[in-house]
Amino acid sequence: AAPGRKEPNTAAQVFLALALVGALVGAVWLAPRVTGDATATSREPATCSDHAAGKKLPKAYALTPGAVTGGDLCKALNRSDLAALLGKPGETPLVAYGNSGTASLTADKVAESEARVQFDTYTVELSATYNEMTVALYTKVLAPQALDHRAGKVLGRPAVFTSDHLMQFRFGGVGSSGPATQGPLARTLTVAVDRKDPGGTFDFTVWSESGAVLPEDDVILGIVEKILPTLPASR
C-alpha cells in the first residue's frame with residue numbers, strides 16, 4: 001500500500017529498518033577511497049575511471065530498466081564547469097571514478113551505482129539507488145533524523161535536503177587499526193527518480209575535508225538541475 005494510507009505492517013517496519021541501515025551505511029566515508037596524487041602542483045584534470053572495468057554488471061541492473069551505471073554517473077558529474085558551479089573556478093579534479101554496485105543488505109538485488117569527483121576544496125558524489133523507498137516516505141521517516149532537512153522540488157520531482165557527518169574509516173597506513181571517527185559534515189540532496197516518486201532516488205552529496213563552508217542549497221540545487229537531464233534515460 002502507498003505510504004500514509006494505513007498503519008505500517010511488520011513487513012513495512014522491517015523495510016524501514018533496512019532502509020535506515022542503508023542510509024547509515026551510505027553515510028560511510030572510506031579514506032583513502034581511491035589513489036591519486038593530490039599534492040602535485042601541475043596536473044591534468046582527472047578523467048573517469050571505472051572500478052568494475054572488465055567485470056560484468058550485477059544482475060540487478062538487467063532487472064532494472066533504465067538503471068544508470070557508475071560510468072554514466074561519472075560522465076554526468078565530471079563536468080568541465082563543475083568546479084566553477086561549486087564556486088571554485090580554476091580547481092581541477094584530483095580524482096574521478098564510477099562504480100556499479102548493489103545496495104547493502106539486499107542480497108545484490110538492488111542496483112546502486114555511484115560516482116565521485118574530488119577537488120582541492122570539495123568532494124562531490126552522485127549515486128543512484130533503485131529500491132522501493134520513495135522520497136515522500138524518506139522525507140517523513142528518515143530525513144527528520146538528520147541534522148538539518150528541508151523538502152523541495154527538483155525538475156518537478158520530490159526532493160529533500162539533509163545534512164549529516166560522514167563516518168571515517170582508514171585502511172592502510174598509520175592508525176589503520178583505530179576505531180571509526182566522525183568525518184566532515186556533508187550536505188545531500190535526495191531526488192526521486194521521476195515525478196511520480198515510485199521509489200528509488202538520486203543522491204548528490206558534497207563535503208569538504210579542509211573544513212571549507214559548504215555551498216548554499218541553491219547552489220547545490222542548480223548543479224543537480226544541470227546534471228540530472230544529462231543522465232541516460234533521465235525522466
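The values are calculated or read from the model by the stated rules, or taken from the named source; none is laboratory data. Remember, predicted model here, so these are calculated numbers, not experimental data. Ideal geometry is used to build each Cβ from the backbone, glycine not excepted, and the neighbour counts take in all protein chains shown.
Things to note:
- The set of residues in the range 176-214 that are under 25 Å from Gly71 (Cα atoms) and in a loop (DSSP other than H, G, I, E, B) comprises Val193, Asp194, Arg195, Asp197, Pro198, Gly199, Gly200, Ser208, Glu209.
- For Gly175: the one exception among (1) at pLDDT below 95; (2) on the phi < 0 side of the Ramachandran plot: (2)
- Filtered residues of the range 107-154 (kept if among the hydrophobic types (A, V, I, L, M, F, W, C) and part of a loop (DSSP other than H, G, I, E, B)): Ala107, Val110, Phe119, Met133, Ala146, Leu147
- Inter-residue pairs, beta-carbon under 8 Å, first under 17 Å from Thr205 (Cα atoms) and in the range 64-91, second modelled with pLDDT under 95 and aliphatic (A, V, I, L, M), 6+ apart: Gly70/Ala52; Asn78/Ala46
- Qualifying residue in the range 109-118 (condition: buried (at least 20 other Cβ atoms within 10 Å of the Cβ), modelled with pLDDT of 95 or more and basic (Lys, Arg)): yes
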